[in-house]
Amino acid sequence: MAVRKSKEQNFQVSGNVTEIKEKCLTALNNGGFSKVSSNDLLNEISANYKKATVVGKIQIVLTEQNDKTNINVKSTANSDNIFALFSSPNDKIMNAFKDNLG
């Protein structure tokens, strides 16, 4: 059984939940994520991430506050391989999302 570790980050962006959700979905598709699913009722998005050296998933929860949207991102990745010694798999998953969110 794989050893999995998680990492969580929160940040805030300008815009309403609907437009930020669309940006998040685009970022996930551009970042190489698969099995992207969105729960419109709960404003949650989840996706899988599988590359040669990183296997994991990401969960995103959006909450609107005035004219801004809070984004809570949690990544969970396998950390029991040799590649995890050199760089964090969770950081790679987070960066694949955040770098494409722009």
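Between the helical axis of 89-101 and the longest alpha-carbon principal axis of the chain there is an angle of about 30 degrees. Enter the mean projected area of the convex hull around the alpha-carbon atoms of the chain, in nm², rounded to one decimal. Average projection, Cα convex hull of the chain: 6.4 nm². Atom-type composition of the exposed protein surface of the chain places 48 percent of the accessible area on carbon and sulfur (1.4 angstrom probe). With protein chains left intact and a 1.4 Å probe, residues in the chain average 59 Å² of accessible area per residue. Roughly what angle does helix 17-30 make with the longest principal axis of the chain, taking Cα atoms, 0 to 90 degrees, to the nearest 10? So the helix axis and the longest Cα principal axis differ by about 30 degrees.
The values are calculated or read from the model by the stated rules, or taken from the named source; none is laboratory data. All values derive from a computational prediction rather than experimental measurement. The area values use the complete protein model at the heavy-atom level, side chains included, leaving out ligands, DNA and RNA. Shrake-Rupley method; radii C 1.70, N 1.55, O 1.52, S 1.80 Å.
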